[in-house]
1. Any idea what the relative contact order of the chain is, in percent, if you count C-alpha pairs under 8 Å spaced at least 6 apart?
2. To make sure I understand, if each residue's beta carbon is the centre and we count other beta carbons within 10 Å, what order do ARG8, ARG80, ARG261 fall in, fewest to most?
3. Computed FRET efficiency, Cβ-Cβ of ARG295 and HIS324, R0 25 Å: what is it to the nearest 0.05?
4. Among rounded, prolate and oblate, which fits the chain when a ≥ b ≥ c are the square roots of the eigenvalues of its C-alpha gyration tensor, a/c under 1.5 means rounded, and a/b larger than b/c means prolate?
5. Out of ALA432, GLY396, LEU446, whose Cα points farthest toward the positive end of the dipole of region 393-491 (charges: +1 Lys, Arg; -1 Asp, Glu; placed on Cβ)?
6. Name the residue farthest towards the positive end of the dipole of region 71-178 from the options ILE105, ALA127, ALA164, assuming +1 on Cβ of Lys and Arg, -1 on Cβ of Asp and Glu, about the Cα centre.
7. When the chain is fully extended, how far beyond the present Cα-Cα distance does ALA230 get from GLU453, taking 0.36 nm per residue of separation?
8. Could you run the Karplus curve 6.51 cos²θ - 1.76 cosθ + 1.60 with θ = phi - 60° over region 202-215 and give me ³J(HN,Hα) per residue in whole Hz, x for Gly and Pro?
Amino acid sequence: MDHLAPHRLTSFPGAVSDDDIRKARFPDGFIWGAATAAYQVEGAWNEDGKGESIWDRFTHTPGKVRGGVTGDVACDQYHRYREDVDLMRQLNLRSYRFSISWPRIQPNGTGAPNMKGLDYYSRLVDALLAAGIRPWCTLYHWDLPQVLEDRGGWPNRDLAGYFADYAGILAEHLGDRITTWAPFNMPWAIAYMGYAAGSFPPCRTSMADFLKAAHTLGLAQGKAHRAVKAASAKASFGSAYEMAPAYPKTDSEADRSAAERYHAMNNVFFLEAAMTGRYPNAFVGDAPLDLMGYRPGDEAILKAPLDWIGLHYYTRRVISDASHEQHFGGGSFSGTEIESGGPGGRDPYTRFSAEMPTEGPLTEAGLELWPRGIYDLVSRISKDYNGLPIEITESGCSYLDEPYDEENGRIPDRRRIDWYRQVLAELARVIADGASVRAFHAWTLLDNFQWAEGYTERYGLMHTDFHSQKRTIKDSGLWFGRVAATNRLDW
């Protein structure tokens with residue numbers, strides 16, 4: 001009964017028409033999946049030999065997380081993975097993008113692997129394969145072993161080698177069954193949020209640390225690529241980059257150049273490094289390679305051409321130039337990145353201001369729904385990278401719909417269905433126009449620990465009761481399951 005749901009998201013500037021949604025089709029063989037991250041769902045934070053991560057340390061520090069909560073239990077997937085795999089099967093999912101917890105494998109960040117940790121992921125992979133679901137592995141989704149942060153964290157160049165060793169261990173033990181690998185989730189966020197903005201652990205606010213961390217991540221990406229390929233002949237290596245289409249605020253040359261700097265830094269910085277061995281020109285003036293710790297020969301380490309490109313889509317950005325103003329820093333964290341910034345732009349090197357407009361409706365996390373953005377972004381990436389296969393590694397929305405007792409616990413989250421219908425209609429259109437997109441992963445499988453927002457945001461296709469751990473498939477999950485079975489949106 002749709003009257004139970006909040007107002008639908010169907011009439012706004014840029015909305016896709018109901019007729020175009022009805023006509024939208026995805027190709028045969030298109031892969032539908034969902035994504036999660038280890039710290040957000042696993043729990044079992046100190047079981048079976050797992051070491052402390054920087055997110056364990058962060059959430060155990062009073063005042064860091066909304067509501068004072070932690071991911072110590074989260075969704076308890078460490079113990080409930082079989083139940084979750086069965087629910088994925090019920091939703092007709094054919095791909096599960098999950099991450100592996102580095103401190104669960106190497107509690108001290110280096111050295112021999114913790115076999116109990118490897119055994120957990122081995123059992124998860126076997127359960128997925130038995131259900132006909134592709135295990136899609138992100139090697140690192142933000143939970144650095146705390147001991148490695150104590151050695152300097154990502155600004156410490158040595159971490160590139162440590163990460164490659166970790167990647168090789170995983171490929172050696174799991175590469176007979178996992179064939180789809182990506183090194184990092186949102187590497188720009190790892191570097192910027194952790195070391196420049198201070199929004200995420202380790203909460204540093206140093207542009208020099210940010211630049212060094214970014215370069216270490218670029219080196220680690222290349223080294224992990226080679227380590228995984230050396231250990232597993234079946235390995236297909238790609239990415240999970242956060243991206244947002246950048247639209248200049250005006251048609252001025254300055255704003256158009258600023259939008260290109262945004263695209264270079266936020267969207268393709270690490271992609272270009274992998275494909276060409278060089279970072280794109282994201283800076284006003286010369287790239288600060290000396291501050292990044294760049295050394296002769298690093299180009300060969302960086303270059304490790306990807307087999308496919310993975311990208312996230314949530315919303316768009318409007319960009320304006322700030323290169324002629326004095327830089328003071330500042331800005332606010334939106335849940336996806338730093339917005340606006342003070343006079344002089346977000347940072348002293350890229351010198352642009354990024355804003356999220358509000359022309360389209362906002363989700364309950366405050367992100368604008370702008371369906372055309374995924375068309376423009378995928379179209380550009382497909383063209384710029386010669387039609388390399390693309391996977392949408394994350395895309396979704398937060399709405400706080402709860403079970404409705406008078407409907408036997410049903411969760412009528414109509415706004416989430418409308419959000420997906422709008423965005424997926426534009427994805428179908430760009431595929432029809434020639435983009436080689438082979439998969440879409442909803443963020444997220446089930447409501448989980450949403451980083452510094454704690455349990456105050458719900459992105460899941462399934463509702464999680466964090467007291468009882470009961471899972472309930474939302475109306476959006478049932479709808480997504482029908483889409484996965486038919487490649488159509490008109491449900």
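Just so it is clear, none of the values below were taken in a lab; they were calculated from the coordinates. A quick note: this is a predicted structure, and the numbers were derived from the prediction, not measured. With ideal geometry, Cβ positions are generated from the backbone for all residues, glycine too; neighbour counts draw on all protein chains shown.
1. Value for the chain: 19 percent.
2. Least to most surrounded, the residues fall as ARG8, ARG80, ARG261.
3. Rounded to the nearest 0.05, the efficiency is 0.15.
4. It is rounded, given that a/c, with a ≥ b ≥ c, falls under 1.5.
5. Towards the positive end, the residue furthest out is ALA432.
6. ALA127
7. 76.4 nm
8. Calculated HN-Hα couplings, in order: x, 6, 8, 10, 9, 5, 5, 5, 4, 5, 5, 4, 4, 5 Hz.
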